[in-house]
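The values are calculated or read from the model by the stated rules, or taken from the named source; none is laboratory data. The shown structure was predicted, so the numbers you read here are calculated from the model rather than taken from an experiment. Virtual Cβ from ideal backbone geometry, glycine too; neighbours counted across all protein chains shown. What goes into the accessible areas is simple: the full protein's heavy atoms, side chains included, and nothing from ligands, DNA or RNA. Shrake-Rupley method; radii C 1.70, N 1.55, O 1.52, S 1.80 Å.
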Amino acid sequence: MASVPGFTLEAAKAILTEILTAFNTPENVQKLTEAKEGSGNEMLKMMQFVFPLATQIQMDVIKNYGFPEGKDGVIQFAQLIRALEREDAEIAQLHSQVLSYFLPPLTINSSTEASL
């Protein structure tokens, strides 16, 4: 895995925070809300409409930190973050918040939960 100059725990936290800020700009909130409403709770539609939009927002942020543009940069960033979240609870929490924009909320069947 190629390294990104200056990628530290602090840089990872700053990037994740900036991605969350980007998701919450009025323009992106509107786009994401429309995509989620159009997808309902269907995973296939989420992958068609929400995932590409959220990925683009993330790409627009990480390219400013030396990551390659496009899917290679996103994959590299995700791999680095996954490695760091094992070491740092704050990164794990921030990454979890970022991922919540990509995935529909999970609903757990209460009868399944009771049998666990």
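For PRO5, indicate whether it is free of Cβ contacts under 8 Å to residues at least 24 places away in the same chain and open to solvent by 40 Å² or more (accessible area, probe 1.4 Å). Spell out how you get there, then give the answer.
Details: free of Cβ contacts under 8 Å to residues at least 24 places away in the same chain: no; open to solvent by 40 Å² or more (accessible area, probe 1.4 Å): yes.
No; evaluated as a whole, the condition is false for this residue.
Among the residues of region 12-26, those identified as assigned to a helix (DSSP H, G or I), free of Cβ contacts under 8 Å to residues at least 60 places away in the same chain and either surrounded by 15 or more Cβ atoms within 10 Å (Cβ to Cβ) or within 13 Å of the chain's Cα centre (by Cα) (or both) are GLU18, THR21, ALA22.
Yes/no per residue for (1) of a type in the set (Lys, Arg); (2) modelled with pLDDT of 95 or more:
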{"site": "LYS45", "(1), (2)": "yes, no"}
{"site": "GLN48", "(1), (2)": "no, no"}
{"site": "PRO52", "(1), (2)": "no, no"}
{"site": "VAL61", "(1), (2)": "no, yes"}
{"site": "ASP72", "(1), (2)": "no, no"}
{"site": "LEU99", "(1), (2)": "no, no"}
{"site": "PRO105", "(1), (2)": "no, no"}
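Within region 81-95, residues that are under 15 Å from GLU10 (Cβ atoms) sit with their Cβ atoms under 8 Å from residues that are polar (S, T, N, Q) and modelled with pLDDT of 95 or more, at 6+ positions apart or across chains, in these pairs: LEU94/THR17. When VAL61 is tested against the conditions (1) open to solvent by 70 Å² or more (accessible area, probe 1.4 Å); (2) part of a helix (DSSP H, G or I), the lone failure is (1). Pairs meeting the criteria (first residue in region 34-62 and under 23 Å from GLU18 (Cβ atoms), second residue of a type in the set (Gly, Ala, Ser) and at pLDDT below 90, beta carbons under 6 Å, at least 6 apart or on different chains) are VAL50/SER39. Selection of region 17-66 for residues being aromatic (Phe, Trp, Tyr) and under 16 Å from ALA78 (Cα atoms) yields PHE51, TYR65.
Determine, yes or no, whether PRO52 is surrounded by fewer than 18 Cβ atoms within 10 Å (Cβ to Cβ) and outside any helix (DSSP H, G or I). Here the answer is no, as PRO52 does not meet what is asked.
Selection of region 31-49 for residues being open to solvent by less than 80 Å² (accessible area, probe 1.4 Å) and in a helix (DSSP H, G or I) yields LEU32, THR33, ALA35, LYS36, GLY38, SER39, LYS45, MET46.
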